[in-house]
Structure formats: structure tokens, C-alpha cells
Amino acid sequence: MEGIRPYLVILLLFFINKTQADIVVDTTLGKVAGIEVKSVIKDEKYYSFMGIPYAKPPLGKHRFLAPEPHEGWTDVLEAKKERKTCSQMNLPMRPLKKHGFCGQDDCLTLSIYTPKLPSNNELSMPVVVFLYNEHFKVSHNASREYGPDFFVKEDVIVVSIQHRLGSFGFLAFNDEKLPGNNGIRDVILALKWLQQNIHNFGGDPYSITLMGVDGGAAMAELLLLSPKAKGLFSKVILQSGTAWNPVYMPPNPVDKATALAKQLERTAVTSTNLLEELSSLSSMDIANAESLSVDADEGRRIQSGSVPFGPVVEPDHPEAIITSRPENGPIDIDIPVMIGYNSRESIEINERFLRKPQYLTFADRDFLMAFPIKVDYHFELNTNSYRKAVEEIKEFYFDEAYVKVSKPGEYLTYVSDVMVFYPIDYALRKYVNESSSSVYYYTFDYSGELNMRKNNVMEEAVTMEGTWGATTGDELCYLFVCKPISKLYKKILEDEEAEELKVIRNMVKLWTNFAKSGNPTPQGSDFVWTPASKEDKDCLVISDELQMKKNLHADRIKFWDDFLAKYKEIAVDGCVCEETIEVGLKQGVVVGKVEKTILKKQDFYTFKGIPFAETPVGELRFQPPKPHDGWSGNLEAFENKPTCMQFSSRMRNKEPFGISGSEDCLYASVFTPDVKGNAPVIVFDYNDQFRTWFNGTDTYSPDFLVEEGVVVVTISHRLAILGYLTTEDGVIKGNNGLRDFILGLEWIKQNIDKFGGDPSKVTIVGSRGGAALAEILLYTEKAKGLFSGAILQSGTALEAMYFYKEPKKKAFDLGAALNITAANSKELLEELQKLDAETILQAEVKTIDVTYIDKYQISNFPYAPTIEYGIEDAVLSELPEKSKIVNDVPVIIGFNSREGLDMVSNLIIEPKLLTDNAEKHILKLPIRTNFRFVQNSKPYKEAGRDIVNFYLADKSLHYANILEYAVFVADCLQNYPIDLTAHKLAESLSSPVYYYLFDFRGQWNENSQNIMALARTTMGHHGATVGDELCYLFVCSRIKKSYDQMLNLPSEQNELKVTKRMVRLWSNFARTGNPTPSKDDEVLKGLTWKPMGKDSETNYLHMTKLFRMKTNPLGERKKFWEDFLEKYSQMAVDGVIGSEETVEVEEPEEAAKPVEAEEPVESVESAFPGEPAVPINIVDNHEEL
């Protein structure tokens, strides 16, 4: 007996295969072989024919064209398994088995599921064509998702049709070659195939019902309204979708096609060109590019969602399917319609708010305002009318007129109404008024075990408030067998008392009755579903019981009817518009002011004091910045915030002396010509050696740059001790001021587009310490991708004053000065965080080592950028001179011709401060070196004498040659390091480096004018000192009267001419990376600013009354310093030049006496006449002390 078992198995398999092979049906294209399927219903079966091709595969040049009928096949076609779906990109919008690309182009097939097969064509069963796609992007209408068991049990045949999706089915160019809607043409061709063949499967070609869900409902509805589909079906069921929804039928299909081509790096000039370009690309690349090509802000701008590619209105041509929007075309319906929605459609799409209700605060701040139907107007964003409209919506839908974390159900109702309920109700009312046949209206409101999609959401939800009823797609699992939860059906079908079974039977009976007769409750039924009428919108509420209700949710319908009518009356030329200065950010809504520029009287928008980081106080003091969490309500950004806390020891330009500012200071300010657009951005930072900072329009107003179409931003960052204190061990990291600025740049990248700026065109313009800051960002990964250009004005990170040698010691010195006893860095930090910030700043002077300058021959600030050796997340791990370029961007770099006037201004104002001891301390090194001199050693004095002999014409320092001395001080403290930086960047960058010298003197040279007004010695009427160039780029508020006077003169003065040229150069650079991109510029008059080469010859732009290219701005002074540094570096032994043995003992110094000259020395009459100049220990009187 055991021996014959294998033969019995083989014999059984033979009969099974033979039985399946015998399930063959003839079609007009050839024979198809299906399979017998066991139903989930006990003792039931049906026949399945899957993947029958009805059209030629749309491959190659046919990919985006109308479908062509299939030519047929000769052998028996195996139709026993599902074919792949049409090409699509599944995005993780909800739980799916697979995310990402799936499907293929060869996909135009249909599947038939029939309870019986005719022997002599005696069967004539009704047919339901099931169409399910989600906004024409993805499709789930195969039996592996939704089994037809319940329909076939009622002797109804189910057919699913695969059609092209996304751009494959709906790419359009508004011409006859590429009219769009080929995905709908696919379905029409399939319906024609069914007309000819469904009788061979037992179906009645004259009793075909289209049953569409979501996007499938919109497709079925468009077929209902299209003459091209007339006679191909006899009834329509529309579930949770309608073509009246504003996401469909966009007015700009060509724009979408062009955007897709651009995303794929192809051109789209004509439809023929577009088809050629796209036909050779992979389906995956095209599908992936669809979502990336969408203008993410379009929906907010027009208050309407939009699918990437869906149905469109076609141009007039013989084969047009859709020639007008539903709302614009005639409605001629002569077949029964069933239409409805689920009671809580938005549960699924808003699942994140149920998992994390706190996110509803953002839903309130960045409120989603959307029209529920297509209208011929929109609101201009952020106007009073827009805000008022939002307030009306909130007052109607939300208990206290805002979105509450505790009441997500209110938000669910709003979103459900806008996205589904109102447009479906609107469509119903249109059809009731126009249709000659019955229109049946329903809402599905049941929640049970088979609500698959809702239950998936609720598994991770932390609140159930407002989650009664059914979400999108929930009704399908009571009409079909949803395969992911198929095990539940066996349990339910075996329990006659199960409530879900009752709902299944009710719904299937209603739907199949409608498919059979056009009436869901034909005569003799226990329950009567009355069709809707003009007078009463009778609606069937489907839950555990069936109930008829009239005029459901009439108050919500009335609200939207009135709202839409009201604003339609207000709209002018399709827009509810008015002047606005409100911008919505992820952090919240920010409101600015409208101001006018000083020259052209042009409106521009100012947003002052937008927080980008939390206030760095308490435990956040001396720590990296923390991004700001946002705010509730509208943030009024009308006034500048205080600067970061600082101690100013200089009184340049009448700046205040002493402590000012606040620790609550991490704010950005934005000045934009238009909140719409894509303008280049300049981030302006002017700080003096990271000690003092100047705040927005309080000092420098960006009028001129704004008039050139540039967005200007300032970022306030911590300074001195509060920004750069470090223990070098990660406890106090240091460089937190730099981190503040970098976080500000990140904020700009994320938000500047909301202000009309282009986040890919951000140029940092730094002056003085701001220039050093900008240069440092060239070397750090932390700023990667955050800016596209840098302009370094009168500053560089190579200046010797930065990167103090012993910052950790200085931190503990500060603690000692504040009477803090700390065993380690952590204790020091904790104690410093307890103190008042002003107390800390006042202690700074106690930590200054007055011997440092003479010991190392460099000026140095202990509380400025540092090197973070071995620190995780370091901003800078090497000195700039040793660092490699990370951010390779175009650079402008330069200085002013007479920077030293400011640096020795105390001597110019009071020459008697120049004492006879000054020359002894003249030796200072211009850059950080690997050597130092032993003070008063023979080499030390020799080096000092070298400087005196070169810079001072009469080989000694006295008050009459202070201007020569000023040249030395400028070269030593700034100019030589800047020149060195310019050459280093020119050699290291692949991007161009543009070098300049600003040498103009006019009424707007604010600093020079102030020094000259106080000077007790002549200083000449030429050249520019520290900060003078700023008043030709910005409106310097302290001399605003001078601008007003100059601009009102009958002729254009040189000051304005220089301003126009400088501003044009700077804005051109911000826009293109080239300050002179065109020789046709009417302002620059043919000027070409040549970038530096990699040779020793230095091209630079000399800016005076005329702008001209010259070479080598430092002349022989550059060679002096090169030779000087080379000479003494060779004398160093272990980094030291000279020794204590060579120190010359001097007599004790008497009280210093003013130095007098035998006869006056004439002042320098040109910027650089080859003049030597002599230094005193002027740095001792400079900012660091």
C-alpha cells in the first residue's frame, strides 16, 4: 500500500492541473486560461483570470502616448497570477508592504473574477469594474489587496483594470501630441474590451458598474461626464473621491511637465522634444523625479492641494476626453449614481497628530488653509484678509478658535471637510439638480475589527479623542476581503452574531443590488434607501444599523457656502490681496514692517529680532546654542533686539563706552525687497575683534542693497567671554559665538525662502572681526553648504591677535578674578553659570596679561576664536594657516587705504600721548609665527630698528610723523595678514578671489570725518580708514542727515556714484559669484574686475572716484615683511630669537615725555606714497586693553 502512494499523488496532481487547464475562455484576442479559487466563504469558489492584456505595452516611444489595442496571441494565455502594477512610487504616507519604486511599464492588463462560467452564453451577470488609485499616484486595485469573494457570492462579476499612473499616464503639454489623460484612455480601452468579451465570462456587457475609490472615484466621475465613455457602463459608484476636489485639473500642466524635465536634467521646449528626452530614461528615475519636481509651496500660495500628475483639461482636438472642468461643463447624467464618504476620512492622513498630539501646536501656528473645491481666486498670503479668513475657519471649527492639543478631533473634522466631505456634498448637489436618474448618498460611519486602515493608525495613537467612525478606505474591508487581515474573516464569518458580519452583509447587498438594478434597495427590500432630492439631501448612514437622515451636517455646508461666496465677492482679478509683512515659519508666524529705501523710496520689508536659538542663560550659558522651539501667536518683529552682552572700550563714531546688550540676544533680522521671489542673500556681520557688534538698522541700514534686489540678514552672536571662553576639554567648548553664527546660517537655509531669498545664494559679508569670522567658516565642515560666497572687508583670521596661546589658563584666571575656587572645569562652569553676566564682563580686565604683547610680540585677544584640539564636534581643529579649505566659494577680500588712522586715532586726537618710550616697544609681528624675540635682546632691538628705518622717513618716532606710524600699525595689525590671506585663498581655492583697496574720501567716510573733526594734527583729506567703506554699502544711521542732504542736491555727487558702483559690485557678486559679470552694466561702465592669479603679481581693484584695476596694493611694504620674517625665522633656536645673556640692561625709565620733532613733517598726501611709518606701543592703547 505504501508503495502506490506516490503514484496516487502524481495522479491527483495530474487531474488538478488538467482541471485548471480546462478553465479556458475565448476572447477576441485569443484564449485565456484561468484558475479556480477557493473563497473565504465556506463551500464557495470562483474563477480568476488575471493579467489579461487589453493594450499593447506602452514602451519606448509609446510610453507617454495613447494606448493602442492589443493585437492578440496565438497560444493559450496563462492568466493565473497577478501581473506587476504600472510603474509607481510608493511613498511612506501610510502602512504599506513596500515603499519606493515598484511596477513596470508593461502593465496594461485587466483581471476578471466570476462566480460562474457559461456553457452556451446563457449567463448574463452584472459586472462591477473596481478602480482604486490614490490621487493617481499609486494603485491598489488587485485581488492581492482586495479579494472579490463577497461580490461573486452575490453573482456579480468583479473586474480590476490596471492603468498608467503619475506622469506615465497624465503627462501633458497642452497640445494634440501630448494632451494628457492617457491613464483615463487606458480605462476606456479596457471598457471597450469588456463590451466585446465579458459575455464569455458570464457577464452582461449592458450592466457594467464603475466603482471608484479615492482617485478611482474621480476617474469614474470624469468618465461619467465624458462623451467619449458614453455607453461603456450603466451605473457609477463614487466612494471617498470626486473630480470636484481642487487637487485635480490644475491650470498649468505644461509647468508640471517642464518641472519634471528640469528635475531629470532634461529640456522641455515642445512636446515632441519632451517625449524624445523622457522616452529613454528609466521608469524608476521618472517616478522618483515626480515628487521632487513638485513646487512644495504652491499649495499654500493658492490654498489648494495639487497632485503631481493627474487629470487635466485637454486642448480642443477630436480625441479629447476632458474638454472642461466639471464645474464649467454641462452635466448630462442619465444613469444611476451612488456617492458617499467615510465619517472621519482624515484620521489616516493625520495619524502623526494622534501619535504625538503636541504637534498640533504646529498645526495651529502653521495653519493649513485650503479651499474645499476649485475656485477662481486665491488669498495673497499673510495679508489681513488671509489672517481674517483663517480666524473665521478657526472660530467655526475649534472650540476656542485655535487648534488644541487636547482636542485633535476638531482638527480631524476640519481636514475631513476640506479634503473629502464638502467637495463630495457639493458634487452631490450638482448631480441632484442635473441628473435625470437617481442619486444615492451615503456616509460610512462604522468602526470595527475590519477597519484596517484606522486600526493601523490607532495601534500607535496615544489619544482616541475624536476618532470615532471610519477613515479613508475603511469601507473596502466590508465589501472585499482585505488580504492583510484575511485571518479575521474566518472568525467573523463563523460567528452569526458578529456585528461586522451584519455590516458586511448589509453593504454587499446594497452595492450588488445597485450593480444589478441601479437601486440599492429594490422593491420588496426590508429597508428603503431613498435617493437624494433637491429639497432633501437624504443620506444613508451606514453603521451597525442602517439609518436615513436628511441634510446631514447642514451647518458645516452652510459655513463653506457662505465663506466661498463672501470672498469671491471681495476678490479682484482672482486675488484677495493687500500689502503684507507677515511670514509663516516652522517656528511660528512672524510679522514685520514696511519701510522705504532712502534713495528710490522703494518699499521693503523688515523683520527685526527673530529668535533662532534659545536664550543662552543658566545652564545654557557657555554652551553651544540650542535651536529655538518657536512661539505661539504672531511674533511682532518691529524693533531691533539688544546686542549680545559686550564691553566696549572704544568710542569710535560716538559709540557708547562700557557694558551694553543682553544675554537674550540670539536673533536674526531680515530685510527683503519682496517676500516672494528668489533673491540672493547677504549675511552682514560687523564686529570688532569679536568684542563688540553692531546691530542691524540701528547702525547700518541695508537700503542700497535691497534696492539692488538683495535680501540682507544680520545674525547676532555671543562675543568675548560669553562667546569664546573655553576650558579646552569639552566642558566649555569655546567658539560658541561661531556656533551661534553657524546655527543662524542653518536657520537662514531653512527659512530664507519664506522671505523671498534663495537659500543656495547666501553670501557672508564680514567687516573687521566679521571678516575673520567669515574666513574661519571657509575652513570648517560645520558650515558646509550654508553659504555660496564670502566678502572679507578689513579683516582676516591670519591676524596675530586671534587664537590665544593659553585659553584654558585664561578661563581659570577668570574664575580666580571672580573668587571662584574650582578643582576642575565642571565646577568652574557651574559657578560661572550662577553669576550675573555683567559681573563676569567686569572681571575681564583683571585677567589681561599686560606682558603678553611684549613677550610674544603680538597683539592678542584671549576671548576670541580658539582651536578646539581633540574636541568632539569642533568648529576649528587647526589654525587657519594650517587648515584646508572646506567651503570652496568665490571670495572678495580687501582693505581700506588708511586703516591706521583709526588705529592711532588716540595719537591723532592727542599727540602728547606719544611718549619717548614708544619706540622701544615698536616691535610687533604681523602674523602668528613659530618664533618670538627675547625682549630687549640685541636681535629684538635690531628688529625694531629695521621697522623704524623702513617706515619712518627720519628714522625716529615723534608726533609729527604719526601718519607714517599709522601706516606701520595698519600693515602690522591688518594689511599684511590680509594680503597674505588673499594670496593663500587664490592659491587654495578653485573659485575666484577678487582683491580690492577702498581709497575714496567723501562726506560719507563716517569714521575719517569724526577723527578729523577731533584731530590736533593734520591727517590729509584723502583715503579711507576703518569702517569708512560701510557707509557706501549701507546707510550709516548716525550720518543719515548727510545722505538726505547729498541726495537732494541738483547733481549726482561722487559719494552717490561710488555707492552705486560698490553696491552693484557687491550685489552682482552675491547673485553670480562675479562682481562684474557683464560689460554692458550701465553703472559699472565696462569695468571688469579681474580675479587674482596664482602668481606673485596681485590684481586688485583700486576704488576711488574712479574704479581701476592695478597691481600689488602694498608695494614694497609687502616685500619688507616677507624679508623681515624670513630673516628672523632663520635666527630662531627652538622658537626663540636672542637670549637672556644678550639682554641689554637699561637705566630705569623716567616718566615718559612727549616726543617732539625738530621741524614738522608734512602729512602723507596719497594713500601709499612709498612712505615708511613708525609704530609706538600703540597696541597697548588698542581694543584688547
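The values are calculated or read from the model by the stated rules, or taken from the named source; none is laboratory data. Computed from a predicted structure; not experimentally measured. A quick note on method: Cβ atoms are made from the backbone with ideal geometry, for glycine too, and the neighbour counts reach across all protein chains shown.
Listed values, structure above:
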quantity	calculated
Per-region count, region 52-83, residues of a type in the set (Gly, Ala, Ser) and surrounded by fewer than 20 Cβ atoms within 10 Å (Cβ to Cβ)	3
Matching option when the condition is surrounded by 21 or more Cβ atoms within 10 Å (Cβ to Cβ) and within 30 Å of Val591 (Cα to Cα), among Phe362, Phe353	Phe353
Test for Ala261: is it within 28 Å of the chain's Cα centre (by Cα) and either among the polar types (S, T, N, Q) or part of a helix (DSSP H, G or I) (or both)	yes
Within region 1039-1054, tally of residues that are under 17 Å from Leu705 (Cβ atoms) and surrounded by fewer than 19 Cβ atoms within 10 Å (Cβ to Cβ)	2
Residue satisfying all of: in region 372-408; of a type in the set (Lys, Arg) and not in a loop (DSSP other than H, G, I, E, B); nearest to Leu564 (Cα to Cα) among these	Lys388
Qualifying residue in region 60-69 (condition: among the aromatic types (Phe, Trp, Tyr), in contact with a Leu (Cβ under 8 Å, 6 or more places away or on another chain), at pLDDT 95 or above and within 30 Å of Leu275 (Cα to Cα))	no
Residue that is surrounded by the most Cβ atoms within 10 Å (Cβ to Cβ), among those in region 1008-1032 that are part of a helix (DSSP H, G or I) and under 40 Å from the mean Cα position of the chain (by Cα)	Asp1028
Test for Leu540: is it closer than 30 Å to Ile393 by Cα, outside the structural domain of Ser234 (by TED's automatic domain parsing) and modelled with pLDDT of 95 or more	yes
Residue within region 896-904 that is under 30 Å from Gly1020 (Cβ atoms), of a type in the set (Ser, Thr, Tyr) and either part of a loop (DSSP other than H, G, I, E, B) or touching a residue at least 40 places away in the same chain (Cβ under 8 Å) (or both) present	yes
Number of positions in region 1119-1136 that are among the basic types (Lys, Arg) and either farther than 15 Å from Lys941 by Cα or outside the structural domain of Lys938 (by TED's automatic domain parsing) (or both)	1
Qualifying residue in region 921-937 (condition: crowded, with 17+ Cβ neighbours inside 10 Å, in a helix (DSSP H, G or I) and of a type outside the set (S, T, N, Q))	yes
Entirely in region 795-857, the helices (runs of 4 or more DSSP H) that have 3 or more residues that are at pLDDT below 90	852-856
Which listed residue, of Leu354, Leu360, Leu264, Leu275, is more than 25 Å from Leu210 (Cβ to Cβ) and without any contact (Cβ under 8 Å) to a residue 40 or more places away in the chain	Leu264
Which numbered condition Val891 misses (of (1) buried (at least 19 other Cβ atoms within 10 Å of the Cβ); (2) at pLDDT below 90; (3) not acidic (Asp, Glu))	(2)
Meets criteria (closer than 24 Å to Cys477 by Cβ, in contact with a helix residue (DSSP H, G or I) (Cβ under 7 Å, 6 or more places away or on another chain) and either part of a helix (DSSP H, G or I) or without any contact (Cβ under 8 Å) to a residue 12 or more places away in the chain (or both)) for Phe136	no
Out of Leu1047, Leu1014, Leu1033, Leu989, sole residue that is aliphatic (A, V, I, L, M), in contact (Cβ under 8 Å) with a residue 24 or more places away in the chain and touching a Phe, Trp or Tyr at 6+ places or on another chain (Cβ under 7 Å)	Leu1033
Unique match (being within 30 Å of Asp425 (Cβ to Cβ), at pLDDT 90 or above, part of a loop (DSSP other than H, G, I, E, B) and not small (Gly, Ala, Ser)) among Val294, Val312	Val312
Asn245 polar (S, T, N, Q) and in contact with a helix residue (DSSP H, G or I) (Cβ under 8 Å, 6 or more places away or on another chain)	yes
Filter pass, Arg301 being surrounded by fewer than 16 Cβ atoms within 10 Å (Cβ to Cβ) and closer than 26 Å to Asp417 by Cβ	yes
Hits in region 919-946 (condition: in contact with a Cys (Cβ under 8 Å, 6 or more places away or on another chain) and either farther than 14 Å from Phe968 by Cα or not charged (D, E, K, R) (or both))	Leu925, Pro926
Any hit, region 709-721, residues being polar (S, T, N, Q) and crowded, with 23+ Cβ neighbours inside 10 Å	yes
Total residues in region 746-764, condition in contact with a helix residue (DSSP H, G or I) (Cβ under 7 Å, 6 or more places away or on another chain) and surrounded by 24 or more Cβ atoms within 10 Å (Cβ to Cβ)	3
Residue within region 922-942 that is under 16 Å from Glu1122 (Cα atoms), outside the structural domain of Phe1120 (by TED's automatic domain parsing) and either at pLDDT 90 or above or within 56 Å of the chain's Cα centre (by Cα) (or both) present	no
Those strands (runs of 3 or more DSSP E) lying entirely in region 552-631 with at least 1 residues polar (S, T, N, Q) and closer than 25 Å to Lys676 by Cα	603-611
All positions within region 1105-1128 that are assigned to a loop (DSSP other than H, G, I, E, B) and touching a Leu at 6+ places or on another chain (Cβ under 9 Å)	Pro1113
Long-range neighbours under 9 Å by Cβ, at least six apart or interchain, first residue touching a residue at least 60 places away in the same chain (Cβ under 8 Å) and closer than 21 Å to Thr780 by Cβ within region 846-871, second part of a helix (DSSP H, G or I) and of a type in the set (D, E, K, R)	Tyr863/Lys810; Tyr863/Glu844
